[in-house]
1. Can you spot a residue in segment 30-37 that is surrounded by 18 or more Cβ atoms within 10 Å (Cβ to Cβ) and either in contact with a Pro (Cβ under 8 Å, 6 or more places away or on another chain) or not in a helix (DSSP H, G or I) (or both)?
2. Go over the candidates Ser63, Ser51 one by one and state the one that is among the hydroxyl-bearing types (Ser, Thr, Tyr), touching a residue at least 12 places away in the same chain (Cβ under 8 Å) and surrounded by fewer than 20 Cβ atoms within 10 Å (Cβ to Cβ).
3. Could you grab me the full set of residues in segment 250-299 that are more than 23 Å from Val113 (Cα to Cα) and either loosely packed, with under 13 Cβ neighbours inside 10 Å or without any contact (Cβ under 8 Å) to a residue 12 or more places away in the chain (or both)?
4. Only one of these conditions is not met by Gly70: (1) of a type outside the set (Lys, Arg); (2) at positive phi; (3) surrounded by 15 or more Cβ atoms within 10 Å (Cβ to Cβ). Which number is it?
5. Just the residues that are surrounded by fewer than 22 Cβ atoms within 10 Å (Cβ to Cβ) and in a helix (DSSP H, G or I), please, taken from segment 131-151.
6. Evaluate the following for Ser120: is it under 23 Å from Thr37 (Cα atoms), hydroxyl-bearing (Ser, Thr, Tyr) and either surrounded by fewer than 24 Cβ atoms within 10 Å (Cβ to Cβ) or in contact with a Ser or Thr (Cβ under 6 Å, 6 or more places away or on another chain) (or both)?
7. Restricting the search to segment 230-250, which residues are of a type outside the set (Ser, Thr, Tyr), touching a helix residue (DSSP H, G or I) at 6+ places or on another chain (Cβ under 7 Å) and closer than 14 Å to Ser268 by Cα?
8. Among the residues of segment 265-282, write down those that are over 13 Å from Cys199 (Cα atoms) and either in contact with a His (Cβ under 8 Å, 6 or more places away or on another chain) or not in a loop (DSSP other than H, G, I, E, B) (or both).
Amino acid sequence: MAAEVKTMRDAMINKICQEMQKRENIFFLSADMGAPTLDEIRTKFKDRFVSVGIAEQNLINVSTGLALEGYIVYSYAIAPFLTMRAYEQIKNNVALMAQIKRDMNINLLGVGVGLSYDMSGPSHHAIEDMSIMRALPNLIIFSPSDWVLAEKFVDYSIKIKRPKYARLDGKPVPRIYDGGQKIDFQKGFCELVAGEKVCLVATGVMTQRALEVAGDCLKNGMKVGVLDIFLLKPLNYDSMYEALKKYECVITMEEGFINKGGVDGLVSDLLNTKQLDVKLINLGLKDRYVFEMGNRNYLHKLNYLDKESVIKVVKEVWR
């Protein structure tokens, strides 16, 4: 049976809507975004839904004010505009303030990360956000690989009263995790496939691709591991060290710039900190924007992130 497909956005907003029915201290703010799931909140909770218009900087300002008053706040916008147009406000109003007032619960929901707005061009691609948001102290960074994780994150976001940034893919994705499965958010990752010699370490939609690669490799006698990082910050280095120490090579996969502090930078820091003698290969976007037009799979192929290109890298290492 094929895995159920759903957008991370719908799964998360539906869950938030359920929580708003139970809790009167939740506000939802939107930067002129529309979705059927959002319309339900807009209709049911008119006094706790605010549309600030196409004004991401003001979105952060209003959200901060509400969070400082003790409300749980969800702030929803297109990922590249949320993180880059409002970066100064996120730094000064959220990251700095959180160091003084540690129980500030503001949750930034960025939709359309990576190349998920494929046909909209480079202005709408969010391939810098992992690097720049990881640079900010006092910020939890969530990067789910499926809609089940996105849904489960809501309970965690309510419980943990700290600023968070959730990277939501813009396209429907199949489920990877079981709805009844307990997710260890304190650990920050899950080894989805235990392998030998080579492990693919990915986040977001690239974990879906890593599982495809591992499945094809297994048919050819290569048992490749897959590790899904869903919490880019903070991450439990001790647990991740235990998961990676058995491998000879780690291949990071990210729909973002490589060598700029994304997933490869995170793993490289882990290997250096733990003095783990493991070969590291990083796959992702080179130091150039994607101006080519086409669907996501086409853009992946151009940038050697398609299944066949990754399998080729695995085969070269496996020899």
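Read-outs throughout are calculated quantities, based only on the coordinates presented, and are distinct from any laboratory measurement. Computed from a prediction, not measured in an experiment: that's the story for all the values here. No Cβ is skipped: glycine too gets one built from the backbone with ideal geometry, and neighbour counts run over all protein chains shown.
1. Among the residues of segment 30-37, at least one is surrounded by 18 or more Cβ atoms within 10 Å (Cβ to Cβ) and either in contact with a Pro (Cβ under 8 Å, 6 or more places away or on another chain) or not in a helix (DSSP H, G or I) (or both), which makes the answer yes.
2. Details: Ser63 fails: surrounded by fewer than 20 Cβ atoms within 10 Å (Cβ to Cβ).
So the residue among Ser63, Ser51 that is among the hydroxyl-bearing types (Ser, Thr, Tyr), touching a residue at least 12 places away in the same chain (Cβ under 8 Å) and surrounded by fewer than 20 Cβ atoms within 10 Å (Cβ to Cβ) is Ser51.
3. Residues of segment 250-299 that are more than 23 Å from Val113 (Cα to Cα), as a first pass: 250, 269-280.
Answer for segment 250-299, where residues must be more than 23 Å from Val113 (Cα to Cα) and either loosely packed, with under 13 Cβ neighbours inside 10 Å or without any contact (Cβ under 8 Å) to a residue 12 or more places away in the chain (or both): Asp269, Asn272, Thr273, Gln275, Asp277, Lys279.
4. Only one criterion in (1) of a type outside the set (Lys, Arg); (2) at positive phi; (3) surrounded by 15 or more Cβ atoms within 10 Å (Cβ to Cβ) is unmet by Gly70, namely (3).
5. Ser131, Ile132, Arg134 - these are the residues of segment 131-151 that are surrounded by fewer than 22 Cβ atoms within 10 Å (Cβ to Cβ) and in a helix (DSSP H, G or I).
6. Working: under 23 Å from Thr37 (Cα atoms): yes; hydroxyl-bearing (Ser, Thr, Tyr): yes; either surrounded by fewer than 24 Cβ atoms within 10 Å (Cβ to Cβ) or in contact with a Ser or Thr (Cβ under 6 Å, 6 or more places away or on another chain) (or both): yes.
Taking the combined requirement at face value, the residue satisfies it.
7. Residues of segment 230-250 of a type outside the set (Ser, Thr, Tyr): 230-236, 238, 240, 242-246, 248-250.
The next check asks that each one be touching a helix residue (DSSP H, G or I) at 6+ places or on another chain (Cβ under 7 Å); those that pass are 230, 232-233, 235, 240, 249-250.
Within segment 230-250, Leu232, Leu235, Met240, Cys249, Val250 qualify.
8. Step one: list which residues in segment 265-282 are over 13 Å from Cys199 (Cα atoms), which gives 265-266, 268-277.
If the condition is that a residue be over 13 Å from Cys199 (Cα atoms) and either in contact with a His (Cβ under 8 Å, 6 or more places away or on another chain) or not in a loop (DSSP other than H, G, I, E, B) (or both), then Gly265, Leu266, Ser268, Asp269, Leu270, Leu271, Asn272, Thr273 are the ones that fit.
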